[in-house]
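The values are calculated or read from the model by the stated rules, or taken from the named source; none is laboratory data. Keep in mind that what you see is a predicted model, and the values were worked out from it rather than measured. A quick note on method: Cβ atoms are made from the backbone with ideal geometry, for glycine too, and the neighbour counts reach across all protein chains shown. Quick note on the areas: whole protein, heavy atoms, side chains included, nothing else; ligands and nucleic acids left out. Shrake-Rupley method; radii C 1.70, N 1.55, O 1.52, S 1.80 Å.
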Amino acid sequence: MDTTTPIDQQHKSRPQARVLIRLRKDAQMRKHYFAQIPRWRHPLVGYLLSVPIVGLAMLGILLIKLFLLAFSFPGVLVFLAVVVVALFWGVGPALFSVLLSALGLDYLYFPPIGQFTMFSLPGLLQILPFVVSGIIIAIITGQRESARLRALFAEQAAEDRAADLEESNQELEQVNQMKDKFLSMASHELKTPITAIRGHAELTLRRLAKQKEVPKELIDVRTALERIDEQTYRLQTLVDDLLDLSSIRSGKIALELSRCDLRDVCRGVVEDQQLLTGRTIELELPSSPVAASVDRDRLSQVVSNLVSNAIKYSSEASPIQVSVRRQEQTACIEVHDDGQGIAEDQLKKIFETFYRTPDAQTSKKSGWGLGLAICKDIVERHRGYIWCQSEPGKGSTFFVELPLK
Ligand code: ADP
């Protein structure tokens with residue numbers, strides 16, 4: 001049973017349609033090319049004209065022999081004839097003119113004159129160098145035209161591919177925009193009910209907490225409410241992250257740039273995270289200010305995300321290190337942990353939306369794979385770079401490089 005949907009079929013038929021269009025274009029181009037060639041350059045005309053052209057060359061040779069005794073290479077005239085025929089009419093007529101020239105030379109030029117000797121071995125050996133070099137000249141010169149034709153087709157094919165790629169790019173861009181729009185709309189719609197569910201769950205939990213003795217039948221209800229609260233909190237972070245991502249990507253949120261000391265930004269984040277998690281975070285700062293033009297809240301969001309990831313993906317006993325370095329034109333913020341690390345092939349993917357490493361997916365550490373995508377967007381909007389160096393088992397270091405001016 002064919003289970004393909006009309007959309008599947010549409011997707012499948014698109015590349016086929018493109019191939020068909022390209023084949024048609026090739027055929028049209030070939031027709032157009034041959035239509036452009038003047039009639040007198042048709043191969044048949046070449047075969048016919050080979051006779052007088054070779055004849056003229058032979059006549060030239062005889063005249064040279066008669067009047068210009070000092071001319072050493074009269075045979076060059078027949079080569080000239082072969083080249084002319086090959087240039088205008090291609091390989092076939094050129095080979096025909098080689099044959100005609102060989103017969104002419106044999107009969108009129110090589111002794112004994114007035115006889116064909118090429119059908120005996122000594123005669124054949126005499127004419128062979130001319131025939132071989134004539135054939136080579138004919139093929140090389142004749143191929144020039146087909147090479148030109150091939151180059152023309154290749155150029156056209158490259159142009160077509162570029163146009164196809166452009167079209168596919170536009171389609172992808174459109175689909176991407178639709179996806180972003182859908183995510184943004186869905187998140188907006190989900191935000192209100194999730195907040196309401198969480199609000200009710202928390203309110204009821206608070207009421208239950210106020211009761212001195214919770215009746216037995218309500219203990220299960222409390223556990224259920226706590227789960228609801230936990231899960232709706234997860235959903236709320238997802239919705240918030242999605243909304244954040246879509247507003248950053250669509251440029252709805254303008255950066256509020258101001259001159260900030262990056263040391264203060266990092267100090268603030270480290271203090272908050274230490275208070276929140278109780279983890280040891282070592283901070284290494286230069287003695288003089290590192291001022292850059294940044295959106296302070298957004299940059300704090302980036303550092304906070306990196307530090308909370310470092311905390312989340314490393315063991316509780318290990319310390320986290322945060323440092324700020326001033327470089328020539330840029331400043332670099334580094335967040336290091338001694339956690340499980342990230343495999344080389346996953347390093348680039350971790351900045352993609354919804355990507356979580358297989359280790360993270362199988363662990364109990366919750367997350368949606370959106371934090372680093374948001375960080376990347378924020379850093380890039382500051383004309384900066386974000387990347388990670390890591391080795392499995394040896395921890396990870398995340399770098400944020402920002403222009404100082
Ligand atoms: P998540 O919500 O899953 O933490 P992020 O976008 O912040 O999403 O991170 C994407 C993925 O990158 C994580 O799921 C995890 O696999 C990996 N990752 C991020 N930071 C670290 C880190 N410090 N150590 C190891 N893996 C990390």
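If the limit is 28 Å between Cα atoms, which of 191/364; 191/252; 216/364; 179/312; 191/212; 252/348 go over it? It would help to have the intermediate numbers written out before the result.
On the way: 191/364 25 Å; 191/252 18 Å; 216/364 31 Å; 179/312 30 Å; 191/212 34 Å; 252/348 26 Å.
Long pairs (Cα-Cα over 28 Å): 216/364; 179/312; 191/212.
If you add up the charges near residue 341, with Lys and Arg at +1 and Asp and Glu at -1, over every other residue whose beta carbon is less than 12 angstrom from its beta carbon, what do you get?
Spelling it out: positives minus negatives among the neighbours equals -4.
Per residue, how much accessible surface does the range 169-261 expose to a 1.4 Å probe? Answer in Å², no decimals.
74
Provide the packing ranking of 17-23, 142-148, i.e. peptides ordered by the mean count of other C-beta atoms within 10 Å per residue, highest first.
Details: 17-23: 12.4, 142-148: 14.0.
Packing order, densest peptide first, comes out as 142-148, 17-23.
If you take every residue apart from residue 279 with its C-beta less than 15 Å away from the C-beta of residue 279, what net charge results, scoring Lys and Arg +1 and Asp and Glu -1? Mind dumping the intermediate values first?
Values: positive: 312, 365; negative: 271, 272, 282, 316, 337, 338.
So the environment of residue 279 carries a net charge of -4.
Taking only Cα atoms, what is the 0 to 90° angle, nearest 10, from helix 6-36's long axis to the longest principal axis of the chain?
That works out to roughly 30 degrees.
Report, to the nearest 10°, how far helix 262-277 tilts away from the longest principal axis of the Cα atoms in the chain, using its own Cα long axis and a range of 0 to 90°.
The angle comes out at about 60 degrees.
Report the extension gain between residue 213 and residue 405 in nm, rounded to one decimal, defined as 0.36 nm multiplied by the number of residues separating them, less their alpha carbon distance. Write down the numbers at each step before the final one.
Working: separation 192, 0.36 × 192 = 69.12 nm, distance 6.23 nm.
Taking 0.36 nm per residue and subtracting the Cα distance, the gain is 62.9 nm.
Taking residue 65 as the anchor, which lysines have their alpha carbon closer than 18 Å to its alpha carbon, excluding any fewer than eight residues away along the same chain?
none
I'd like the orientation of helix 76-89 relative to the chain: the angle between its Cα long axis and the longest Cα principal axis, in ° from 0 to 90, rounded to 10.
50
Quote the charge dipole size of the range 341-405 about the Cα centre in Debye, to the nearest 20; the model charges only the Cβ of Lys and Arg (+1) and of Asp and Glu (-1). Write down the numbers at each step before the final one.
On the way: 10 positive and 8 negative charges, 43 e Å.
Charge dipole of the range 341-405: 200 debye, to the nearest 20.
Would you work out what percent of the accessible area of the chain, with all protein chains in place, is carbon or sulfur (probe 1.4 Å)?
On the way: 15500 of 25530 Å².
For the chain, the apolar C and S fraction of the accessible surface comes to 61 percent.
Need the full-extension length gain, residue 297 to residue 366, defined as separation in residues times 0.36 nm minus the C-alpha distance. One decimal, nm. Walk me through the numbers before you get to the answer.
Numbers: separation 69, 0.36 × 69 = 24.84 nm, distance 2.42 nm.
Gain in length upon complete extension: 22.4 nm.
Among DSSP bridges having both ends in the chain, what percentage is antiparallel? Round to the nearest 5. Show your work: numbers first, answer last.
Numbers: 26 of 30 bridges.
Once the DSSP bridges in the chain are tallied, antiparallel ones form about 85 percent.
Measure off 7 Å from each Cα along the Cα-to-Cβ vector at residue 65 and residue 230, then give the distance between these two points in nanometres to one decimal.
Simple spin-label model gives 10.9 nm for this pair.
Quick check: convex hull over the Cα atoms of the chain, volume per residue in Å³, rounded to an integer? List each step's numbers first, then the result.
Details: hull volume 138.1 nm³, N = 405.
Looking at the chain, the number lands at 341 Å³ per residue.
Calculate the length of the line joining the C-alpha centroid of the range 227-260 to that of the range 335-371, in whole Å.
19
So, in nm, how far is label residue 327 from label residue 171 when the simple model puts each one 7 Å beyond its Cα toward the Cβ?
With each label placed 7 Å out from Cα toward Cβ, I get 4.0 nm.
Not counting ligands, DNA or RNA, and with a 1.4 Å probe, what is residue 338's accessible surface area in Å² rounded to the nearest 10?
Taking all protein chains as shown, residue 338 has close to 80 Å².
Counting Lys and Arg as +1 and Asp and Glu as -1, what is the net charge of the other residues whose Cβ lies under 13 Å from the Cβ of residue 224?
On the way: positive: 222, 227; negative: 217, 220, 226, 229, 230.
Around residue 224, the charge tally is -3.
Leaving out ligands and nucleic acids, and using a 1.4 Å probe, what accessible area per residue does the range 61-162 come to in Å²?
On the way: 5960 Å² over 102 residues.
It amounts to 58 Å² per residue over the range 61-162.
Starting with the highest mean, order 35-43, 394-402 by the number of other Cβ atoms within 10 Å, averaged over the residues of each peptide.
Numbers: 35-43: 10.1, 394-402: 20.4.
Averaged packing, sorted descending, gives the order 394-402, 35-43.
Return a whole-number percent for the relative contact order of the chain, with Cα pairs under 8 Å and 6 or more residues apart as the contact set. Show your work: numbers first, answer last.
On the way: 474 pairs, mean separation 39.5, N = 405.
Dividing the mean separation by the residue count of the chain yields 10 percent.
With a Förster radius of 45 Å, plug the Cβ-Cβ distance of residue 240 and residue 32 into 1/(1 + (r/R0)^6) and report the FRET value to the nearest 0.05. Working shown, then result.
Numbers: r = 59 Å, r/R0 = 1.32.
With a Förster radius of 45 Å, E is 0.15.
Explain nothing, just the number: dipole magnitude of the chain about its Cα centre with +1 on each Lys and Arg Cβ and -1 on each Asp and Glu Cβ, in debye rounded to the nearest 20.
Numbers: 48 positive and 47 negative charges, 248 e Å.
Charge dipole, the chain, about its Cα centre: 1200 debye, nearest 20.
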